[in-house]
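Chemist: Structure incoming, see below.
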Amino acid sequence: MTLVAPLLTLTSEQEQGALLLRGARVAGFTSLVDLRLADGVIAAIEPACEMVGRSDEREVHLEGRFVIPGLWDHHVHFTQWTLASRRLDLHSAASAAETAAIVAQQVKAKAAAPGSRSGASTGELIVGFGFRDALWADAPNRDILDAASATHPVVLVSGDLHSCWLNSAALSERGMGDHPTGLLRESDCYPVLAGLDAVDADTLDSWVGEAADAAARRGVVGIVDLEMAWNVEPWLRRIQAGQTSLRVAFGIYTADLDRAIAEGYRTGDVIPGTNGLLTVGPFKVLTDGSLNTRTAFCFDDYAGTDVGEQGRGMLVTPPEELVPLLRLASQAGIVPAVHAIGDHANTLTLDAFEAIGAGGFIEHAQLLDRSDIPRFAKLGVVASVQPEHAMDDRDVADLLWLGRTDRAFPLSSLLQVGATLVLGSDAPVAPLDPWMTIASAVGRSRDGREAWHPGEVIPREQAIAASALGREQLAVGQVADLAVLDFDPYDCTLEQLRVMAVAGTIVGGEFSYNGL
């Protein structure tokens, strides 16, 4: 894990208290053990009952529960994830008409809310999240939303964050009143998304804290936050105010790359005053779009649908721009992380890494040319993949990538050639829940369906390690970031794995969540 370790530096700036975990089951040990956690690391692992307690430590009896390395989500848009749960839920909509009906119901509910009077809420923005239109028989259009809401501006965000759908009122407010359809994709969409995040800092920090605590309840000890913003000060403020549930590695985008270099940021550096919880993450750049939005850049045309002029998707950052950006970041010590979903986008990204002679991450790596799979290992490029997307996208992929899905999400193939794999959710595109991620990686199945291309499943040990900074087993000297589980994750049903009961989460030797 030569790239993952420096990206996610785990350190402590001050001594921590001592904690003695008694009666734990740990992979690699045939009987129960006790674990001593001191000064933020695992200080000792010994057979149960043989370790003498100390007056300066607190004892917690685990009663045979399983302890594993704490889990990371390597790809999160944390502000978007925080806000998504407070937006109108569109996931159930199977058509543009059904989506509009959900909006109409929201308008009706606002009008009927206690204390409201006719017209009182006119002009209040309605924001929805989660529509996926790739399989719809009808297309998103401003007229459909206008019929659903004549009094409210409406902005609906797609489930993949790569498009948004606006009614006429919302378009006019943003100076786009002449847009023909109201469906904005890729670079047209992102400024609209950024404008939706205008929540005061105190409120947003409170909501972020709730989302961080919820992640801790799922065994998460850290995230790579790839929110499309400059996130140093917000996370510094939150941590110093007491939000210590998670470690955070924050991403840097092109708009802020020069600033980051000028201020001397290097990937893995710890931000002072955060007790080691906040570190500099990667440089994030997008080369293409997404599958659902039909903008992932592919060698072959999309099948089964009319996608207009961009029949093979959209190349957002061409090689002549990508290579200089990656070289600039890499030479400054900021590890690149390149968004690439389509097979052509992945080829061009690997070419760019080869051109600069340095490794990094490819975020998503959903569809790969078979000849490119060994290049990940050869070039030292980490595949950062979100297995739950395979479950969300399988029907869309079978339609749009007809005849190509045997090389979609090729997790096993990547591991077989020696590539490094890390897993995440891309929340809010998929839930920030590592057990969903792990279950989809090892089963490639959900909701009772047959496994999708089962030859690409991976063993549980490798899926958990890919979610835990490459740590396959606990060892003395490791940072004391742990998850305490009610079930053995290596020997339980796939459904138990997906909804794993987490009894406790420990960050730096201290409980961030204690459900014991």
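Chemist: Evaluate the range 403-411: report whether one residue or more is among the polar types (S, T, N, Q) and within 23 Å of Arg132 (Cα to Cα). Break it down into steps so the answer makes sense when it comes.
Modeler: Taking the range 403-411 and keeping what is among the polar types (S, T, N, Q), we get 405.
Going one step further and asking which of them are within 23 Å of Arg132 (Cα to Cα), we end up with 405.
Taking every residue of the range 403-411 in turn, at least one turns out to be among the polar types (S, T, N, Q) and within 23 Å of Arg132 (Cα to Cα).
Chemist: Against the conditions (1) of a type outside the set (S, T, N, Q); (2) buried (at least 24 other Cβ atoms within 10 Å of the Cβ); (3) under 24 Å from Gln416 (Cβ atoms); (4) in contact with a Gly (Cβ under 6 Å, 6 or more places away or on another chain), where does Gly359 fall short? Just the number, please.
Modeler: Unmet for Gly359, out of (1) of a type outside the set (S, T, N, Q); (2) buried (at least 24 other Cβ atoms within 10 Å of the Cβ); (3) under 24 Å from Gln416 (Cβ atoms); (4) in contact with a Gly (Cβ under 6 Å, 6 or more places away or on another chain): (2).
Chemist: To continue, here is another question. For the range 248-270, which positions are over 22 Å from the mean Cα position of the chain (by Cα) and either buried (at least 24 other Cβ atoms within 10 Å of the Cβ) or of a type in the set (Val, Ile, Thr) (or both)?
Modeler: Within the range 248-270, the subset over 22 Å from the mean Cα position of the chain (by Cα) is 258-265.
Across the range 248-270, the qualifying residue is only Ile261.
Chemist: While we're looking at this one, here's another question. Go through the range 187-212 and count every residue that is closer than 15 Å to Gln80 by Cβ, without any contact (Cβ under 8 Å) to a residue 60 or more places away in the chain and in a loop (DSSP other than H, G, I, E, B).
Modeler: Counting residues in the range 187-212 that are closer than 15 Å to Gln80 by Cβ, without any contact (Cβ under 8 Å) to a residue 60 or more places away in the chain and in a loop (DSSP other than H, G, I, E, B) gives 2.
Chemist: Confirm whether Gly219 is at positive phi and buried (at least 20 other Cβ atoms within 10 Å of the Cβ).
Modeler: When the stated conditions are applied, Gly219 passes them.
Chemist: Contact list please: Cβ distance under 9 Å, first residue in the range 64-87 and closer than 30 Å to Leu20 by Cβ, second residue part of a helix (DSSP H, G or I) and among the hydroxyl-bearing types (Ser, Thr, Tyr), pairs at least six apart or on different chains.
Modeler: Leu71/Thr437; Asp73/Thr437
Chemist: Which residue, of Ala468, Ala463, Ala451, Ala441, is assigned to a loop (DSSP other than H, G, I, E, B) and within 28 Å of Glu227 (Cβ to Cβ)? Spell out how you get there, then give the answer.
Modeler: Details: Ala463 fails: assigned to a loop (DSSP other than H, G, I, E, B); Ala451 fails: within 28 Å of Glu227 (Cβ to Cβ); Ala441 fails: assigned to a loop (DSSP other than H, G, I, E, B).
Result: Ala468 is the single residue among Ala468, Ala463, Ala451, Ala441 that is assigned to a loop (DSSP other than H, G, I, E, B) and within 28 Å of Glu227 (Cβ to Cβ).
Chemist: Do we find that Asp481 is among the charged types (D, E, K, R), on the phi > 0 side of the Ramachandran plot, buried (at least 19 other Cβ atoms within 10 Å of the Cβ) and under 21 Å from the mean Cα position of the chain (by Cα) in this structure?
Modeler: On the way: among the charged types (D, E, K, R): yes; on the phi > 0 side of the Ramachandran plot: no; buried (at least 19 other Cβ atoms within 10 Å of the Cβ): yes; under 21 Å from the mean Cα position of the chain (by Cα): yes.
Answer is no for this residue.
Chemist: Determine whether Ala241 is of a type in the set (A, V, I, L, M), over 18 Å from the mean Cα position of the chain (by Cα), modelled with pLDDT of 95 or more and not assigned by TED's automatic domain parsing to the domain that holds Asp89.
Modeler: Taking the combined requirement at face value, the residue satisfies it.
Chemist: I'd like the full set of residues that are closer than 24 Å to Gln243 by Cβ and in contact with a Lys or Arg (Cβ under 8 Å, 6 or more places away or on another chain), limited to the range 163-211. Write out each step before concluding.
Modeler: Looking only at the range 163-211, we keep the residues that are closer than 24 Å to Gln243 by Cβ, and these are 193-194, 196-211.
Within the range 163-211, Ala201, Asp205, Trp207, Val208, Gly209 meet the criteria.
Chemist: Here is a further query. Given the conditions (1) more than 31 Å from the chain's Cα centre (by Cα); (2) crowded, with 19+ Cβ neighbours inside 10 Å; (3) among the hydrophobic types (A, V, I, L, M, F, W, C), report the number of the one that Ala109 does not fulfil.
Modeler: The one condition Ala109 does not meet is (2).
Chemist: Give the residue that is surrounded by the fewest Cβ atoms within 10 Å (Cβ to Cβ), with candidates limited to residues of the range 224-247 that are β-branched (Val, Ile, Thr) and in contact with a Gly (Cβ under 9 Å, 6 or more places away or on another chain).
Modeler: So the residue we want is Thr244.
Chemist: If you scan the range 271-282, which residues turn out to be more than 21 Å from the chain's Cα centre (by Cα) and at negative phi?
Modeler: Ile271, Pro272, Thr274
Chemist: When residues of the range 220-238 are filtered for being under 15 Å from the mean Cα position of the chain (by Cα) and assigned to a loop (DSSP other than H, G, I, E, B), how many remain?
Modeler: Selection size over the range 220-238: 3.
Chemist: Considering Glu63, Glu124, Glu57, Glu98, which residue is farther than 30 Å from Ser425 by Cβ and at pLDDT 95 or above? Even if it seems obvious, please write down each step before you answer.
Modeler: Details: Glu124 fails: at pLDDT 95 or above; Glu57 fails: at pLDDT 95 or above; Glu98 fails: farther than 30 Å from Ser425 by Cβ.
Exactly one of Glu63, Glu124, Glu57, Glu98 is farther than 30 Å from Ser425 by Cβ and at pLDDT 95 or above, namely Glu63.
Chemist: Still on this model: Starting from the range 26-55, take each residue that is on the phi > 0 side of the Ramachandran plot and list its partners that are among the charged types (D, E, K, R), counting only C-beta distances under 7 angstrom and pairs at least six apart or across chains.
Modeler: Asp39/Glu15
Chemist: If only one of Ile362, Ile334 is under 17 Å from the mean Cα position of the chain (by Cα), closer than 20 Å to Leu226 by Cβ and of a type outside the set (Asp, Glu), which one is it? Break it down stepwise before answering.
Modeler: Numbers: Ile334 fails: under 17 Å from the mean Cα position of the chain (by Cα).
Going through Ile362, Ile334 in turn, the sole match is Ile362.
The values are calculated or read from the model by the stated rules, or taken from the named source; none is laboratory data. Only a predicted model underlies this, so the values are computations on that prediction, with no experimental measurement involved. Glycine also receives a Cβ, built like all others from the backbone with ideal geometry; neighbour counts cover every protein chain displayed.
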